[in-house]
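Notes follow once the structure below has been shown.
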Amino acid sequence: MISPQERELRAKLKELRDHLTQNADNVGKRFPEEARKMHYGEIEHRSIYGEASAEDAKARLAESLALVEAAKARMQEELNVGRDIQRSLLPNAFPERKDLELYALLEPALEIGGDLYDFFMIDDHRLCVVIGDVAGNGVPAALFMAMTKITVKTRAMSDPSPASIVTYVNDALSTDNDSCMFVTLYLGILNLR
């Protein structure tokens with residue numbers, strides 16, 4: 001006879017297993033060792049089907065939860081590193097000029113995202129200003145943001161036409177873009193003379 005406590009533990013273990021199975025792309029791909037342990041042996045699910053004691057089920061549940069919490073902590077650390085890398089790609093020194101005041105601030109809705117801005121002098125009298133937003137969020141949007149920023153800056157240094165720059169960037173970003181990501185971009189070149 002199964003006690004009510006053991007029945008409840010079995011239900012919680014099944015719910016946890018089902019959740020992890022449904023989110024295998026997030027957990028299994030990013031943390032394959034933890035996912036392997038949960039699925040193939042070090043943390044078995046036999047308490048759902050077998051006659052293990054409530055104490056054994058509790059121990060396995062605690063171990064499963066500890067692995068999930070460890071994976072969550074690792075994922076949060078990766079997001080923090082990604083956020084710091086993304087912020088380091090944005091300009092933080094503003095030009096000190098008598099003919100221009102320029103300031104910017106980026107506050108993403110999530111830890112990491114696809115918002116971007118950039119400004120840089122093309123030559124002594126032309127300033128390129130870029131503001132954009134990559135569709136989506138998270139690490140993929142941040143990577144696409146970095147590609148966009150680098151492609152814009154590289155092209156703008158040798159091309160005086162904003163239309164030509166944006167066309168080039170569009171062509172470069174859409175090549176081999178299997179995930180169909182895109183960026184909404186404003187680009188202007190200001191002649192300071």
Problem - Computed log₁₀ I(q)/I(0) - Debye formula, equal Cα scatterers, no solvent, the range 89-151, q 0.11, 0.17, 0.26 Å⁻¹ - result: -0.29, -0.62, -1.13
Problem - Rg over Rh [alpha-carbon atoms, Kirkwood Rh] for the range 58-171 - result: 1.17
Fill in the blank from the handout: Two pseudo-spin positions, 7 Å from Cα along C-beta at Ile131 and at Glu96, lie apart in nanometres by 2.6 nm
Fill in the blank from the handout: Hydrodynamic radius by Kirkwood for the range 127-182, inverse mean 1/r across distinct Cα pairs, in Å, is 11.8 Å
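Throughout, read-outs are computed from the coordinates displayed, never taken from laboratory work. Just so we're clear, the structure is a prediction, and the values are computed from it rather than from any experiment. As a convention, Cβ positions derive from the backbone with ideal geometry for all residues, glycine included, and neighbour counts pool all protein chains shown.
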